[in-house]
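Down below is the structure, laid out as structure tokens.
The values are calculated or read from the model by the stated rules, or taken from the named source; none is laboratory data. Note that the coordinates shown come from a computational prediction; the quantities given were computed from them, not determined experimentally. For neighbour counting, all protein chains shown are included, and Cβ atoms are generated from backbone atoms with ideal geometry for every residue, glycine included. Just so you know, the surface numbers come from the protein's heavy atoms only, side chains and all, with ligands and any DNA or RNA stripped out. Shrake-Rupley method; radii C 1.70, N 1.55, O 1.52, S 1.80 Å.
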Amino acid sequence: MIRDITIGQYYPAESVIHRLDPRVKLVGTLTFIISLFLHRSFLMYLVAAIFLAGVIKASKVPFHFMIKGLKAIMVLLLITVVFNMFLTPGTPLLKIWKLTLTVEGVRQAAFMAIRLAFLIVGSSVMTLTTTPNHLTDGLEKGLAPLNKIHVPVHEVSMIMSIALRFIPILLEETDKIMKAQEARGADFDSGNLIQRAKGLVPLLVPLFIAAIRRANDLAMAMEARCYHGGQGRTKMKPLHYEKRDRMAYGVLLGYLAVMILVGRFAPF
């Protein structure tokens with residue numbers, strides 16, 4: 001499951017999505033997430049699925065790699081589905097002991113499962129097609145107006161970039177520690193939930209030590225390069241909107257307009 005987490009990883013490829021300005025991808029991801037909460041209808045989610053499939057196709061990232069991140073939230077997804085199916089009041093469909101399965105619960109569970117899956121895959125498109133450096137530059141440039149009200153935009157962007165960088169690094173470190181512990185006889189798969197939690201103790205201690213060591217090395221490296229925040233710093237590759245970025249904004253506006261119209265007039 002450690003290898004199935006795709007958030008924070010970058011997949012290099014030559015595609016139009018990779019070449020887009022990071023601000024376009026940030027706005028596009030936010031627009032896609034907002035569109036999922038405009039209304040609840042199967043026709044809306046069908047439009048969202050077609051749009052998302054088109055973006056994945058244009059990104060040239062393998063589809064199996066894109067949906068691999070869903071395996072990491074499968075337990076959360078199942079819990080959400082079961083809770084919605086049996087705890088949503090409505091027309092009874094099936095009764096199991098004291099729990100009642102309702103028509104409204106099944107509908108709500110289907111909507112929640114689709115929404116969560118789209119959220120994970122849609123967010124993965126941005127991180128898989130954008131390097132952490134470009135993501136930091138995009139966040140800083142997009143949030144630059146907040147500097148006028150003394151919001152530390154550069155520092156916030158840097159924190160988010162470092163956090164995204166550390167995700168694949170710590171996952172790789174976790175995999176190495178697990179293999180080393182398994183070679184010494186540790187068992188992370190057998191037993192009940194409490195026994196498995198206890199079995200993670202030999203894993204968590206060295207992982208925390210490794211994370212603190214890496215954070216300390218990064219801080220020393222930044223100090224050695226005289227890093228003192230974003231004030232007065234210049235960019236080697238400043239961001240500029242190209243024709244493809246403006247076209248991408250047009251596609252986003254068209255998609256959002258279609259979603260609003262479908263949500264307004266779709267019967268279900």
Hits in region 8-28 - residues which are in a helix (DSSP H, G or I) and either buried (at least 19 other Cβ atoms within 10 Å of the Cβ) or among the charged types (D, E, K, R) (or both): 17, 18, 19, 22, 23, 24, 25, 28
Residue 173 being surrounded by 13 or more Cβ atoms within 10 Å (Cβ to Cβ) and either at pLDDT 75 or above or in contact with a Ser or Thr (Cβ under 6 Å, 6 or more places away or on another chain) (or both): yes
Filter pass, residue 161 being among the small types (Gly, Ala, Ser), surrounded by 18 or more Cβ atoms within 10 Å (Cβ to Cβ) and closer than 26 Å to residue 211 by Cβ: yes
Complete set of residues in region 41-81 that are β-branched (Val, Ile, Thr) and surrounded by 14 or more Cβ atoms within 10 Å (Cβ to Cβ): 47, 55, 56, 61, 67, 73, 80, 81
Whichever residue in region 3-21 is under 16 Å from residue 165 (Cα atoms) and of a type outside the set (Phe, Trp, Tyr) and, among such residues, is modelled with the lowest pLDDT: 3
Residue satisfying all of: in region 93-152; polar (S, T, N, Q), without any contact (Cβ under 8 Å) to a residue 24 or more places away in the chain and farther than 24 Å from residue 237 by Cα; surrounded by the fewest Cβ atoms within 10 Å (Cβ to Cβ) among these: 100
First in region 159-170 and more than 18 Å from residue 11 (Cα to Cα), second anywhere and assigned to a helix (DSSP H, G or I) and open to solvent by 60 Å² or more (accessible area, probe 1.4 Å), Cβ under 7 Å, 6 or more apart: none
Filter result (more than 28 Å from the chain's Cα centre (by Cα), among the polar types (S, T, N, Q) and not in a strand (DSSP E or B)) within region 89-114: 91
